[in-house]
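Trainee: Can you read through this structure? Questions will come right after.
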Amino acid sequence: MRHTYTTTALDESTWPAFAALVERNNGVFGGCWCIGFHPEGVARGNAALNRERKHGRVRGGSTHSALVFDGADCVGWCQFGKPDELPWIKNRAAYEKELVALPDWRIACCFVGKGHRRQGVFAAALSGALDLIADSGGGRVEGYPEDAALVAAGFLFHGALSTYEQLGFARDRKIGKHRWVVSRVVEAS
């Protein structure tokens, strides 16, 4: 079955659909609410506080995500932001070891709801994030995907390497057993 997805930015008007997706999936990754890569990080064991923090960022315009919709249902997202908005990345010590310059934008976490995986949702989300980045002036974008052929799909917080490569990202350097830094330049729209 082929799906036609639409993407839109996470904001106050789309918050209810985003929150419904997170709630349908038990708070996502143990109640993270997609706050883990922000400066305040995850309040472990306190999903209510994580939800409150994320909603506060949405209201304040200090979080960015491309939400994927299948009809009226939000089925996934791709979070992105400036490095100071999303300072926490996995394999940070290895990342910083060979760092030359920070990117203009980072792709942080991504999530696809149960029942929608392996149906092109992440590709739609990543593409939507790149469109939103172009609308915000473009620049060099980094992602930190894993080689999905070597890890379980449930642990692809940053997405699959193959999807990034299909959307024009090039491998920069390896920073973990299966994790890569990939980048591409997005022109302003």
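Trainee: Just checking, how many residues over the stretch 137-163 are loosely packed, with under 15 Cβ neighbours inside 10 Å, assigned to a loop (DSSP other than H, G, I, E, B) and either in contact with an Asp or Glu (Cβ under 9 Å, 6 or more places away or on another chain) or at pLDDT 95 or above (or both)?
Mentor: The total comes to 1.
Trainee: When you go through (1) at pLDDT 95 or above; (2) assigned to a helix (DSSP H, G or I); (3) surrounded by fewer than 17 Cβ atoms within 10 Å (Cβ to Cβ); (4) of a type in the set (Gly, Ala, Ser) one by one for residue 93, which number turns out not to apply?
Mentor: All conditions pass for residue 93, except number (1).
Trainee: Looking only at the stretch 16-26, how many residues end up being buried (at least 16 other Cβ atoms within 10 Å of the Cβ) and over 17 Å from residue 122 (Cβ atoms)? Talk me through it step by step, then tell me what you get.
Mentor: So in the stretch 16-26, the residues buried (at least 16 other Cβ atoms within 10 Å of the Cβ) come out as 17-19, 21-22.
Going one step further and asking which of them are over 17 Å from residue 122 (Cβ atoms), we end up with 17, 19.
Matching residues across the stretch 16-26 total 2.
Trainee: What number goes with the only condition from (1) outside any helix (DSSP H, G or I); (2) without any contact (Cβ under 8 Å) to a residue 40 or more places away in the chain; (3) hydrophobic (A, V, I, L, M, F, W, C) that residue 78 does not pass?
Mentor: So residue 78 meets the others, but not (2).
Trainee: Now a separate question. Given the criteria of a type in the set (Gly, Ala, Ser), under 21 Å from residue 17 (Cα atoms) and not in a strand (DSSP E or B), does residue 66 qualify? Step through it out loud before you land on a result.
Mentor: Numbers: of a type in the set (Gly, Ala, Ser): yes; under 21 Å from residue 17 (Cα atoms): yes; not in a strand (DSSP E or B): no.
So residue 66 does not fit the description; no.
Trainee: Quick test for you: out of 188, 123, 101, pick the one residue that is over 18 Å from the mean Cα position of the chain (by Cα) and in contact (Cβ under 8 Å) with a residue 24 or more places away in the chain. Explain how you work it out, then say what you get.
Mentor: Working: 123 fails: over 18 Å from the mean Cα position of the chain (by Cα); 101 fails: in contact (Cβ under 8 Å) with a residue 24 or more places away in the chain.
Selected residue: 188, the only one of 188, 123, 101 that is over 18 Å from the mean Cα position of the chain (by Cα) and in contact (Cβ under 8 Å) with a residue 24 or more places away in the chain.
Trainee: Additional query: For the stretch 104-119, enumerate the residues that are buried (at least 17 other Cβ atoms within 10 Å of the Cβ) and part of a loop (DSSP other than H, G, I, E, B). Let's see the steps before the verdict.
Mentor: Filtering the stretch 104-119 down to residues buried (at least 17 other Cβ atoms within 10 Å of the Cβ) leaves 104-113, 116, 119.
If the condition is that a residue be buried (at least 17 other Cβ atoms within 10 Å of the Cβ) and part of a loop (DSSP other than H, G, I, E, B), then 104, 113, 116, 119 are the ones that fit.
Trainee: If you don't mind, another one. Looking at (1) modelled with pLDDT of 95 or more; (2) within 20 Å of residue 129 (Cα to Cα), which is the only condition residue 35 fails?
Mentor: (1) is the only condition that residue 35 fails.
Trainee: Go through 129, 134 for me and flag whichever is modelled with pLDDT of 95 or more, in a helix (DSSP H, G or I), over 13 Å from the mean Cα position of the chain (by Cα) and within 18 Å of residue 68 (Cα to Cα). Can you show your working first?
Mentor: Working: 129 fails: over 13 Å from the mean Cα position of the chain (by Cα).
Result of the check over 129, 134: 134.
Trainee: Take the residues in the stretch 14-44 that are among the polar types (S, T, N, Q) and over 21 Å from residue 85 (Cα atoms), then tell me which one is farthest from the chain's Cα centre (by Cα).
Mentor: Of the stretch 14-44, the ones among the polar types (S, T, N, Q) are 14, 25-26.
Narrowing the set further to residues that are over 21 Å from residue 85 (Cα atoms) leaves 25-26.
On the way: 25: 16, 26: 18 Å.
Checking each candidate, the answer is 26.
Trainee: Here's another thing I want to ask about it. Given the options 85, 98, name the one that is exposed (fewer than 13 other Cβ atoms within 10 Å of the Cβ) and in contact with a strand residue (DSSP E or B) (Cβ under 8 Å, 6 or more places away or on another chain).
Mentor: On the way: 85 fails: exposed (fewer than 13 other Cβ atoms within 10 Å of the Cβ).
The conditions single out 98.
Trainee: For residue 119, which of the numbered conditions (1) modelled with pLDDT of 95 or more; (2) among the polar types (S, T, N, Q); (3) closer than 24 Å to residue 30 by Cα fails to hold?
Mentor: Evaluating residue 119 over (1) modelled with pLDDT of 95 or more; (2) among the polar types (S, T, N, Q); (3) closer than 24 Å to residue 30 by Cα leaves (1) as the failure.
The values are calculated or read from the model by the stated rules, or taken from the named source; none is laboratory data. Fair warning: this is a prediction, and the values are worked out from it, not measured in the lab. All Cβ positions, glycine included, derive from the backbone under ideal geometry; neighbour counts span all protein chains shown.
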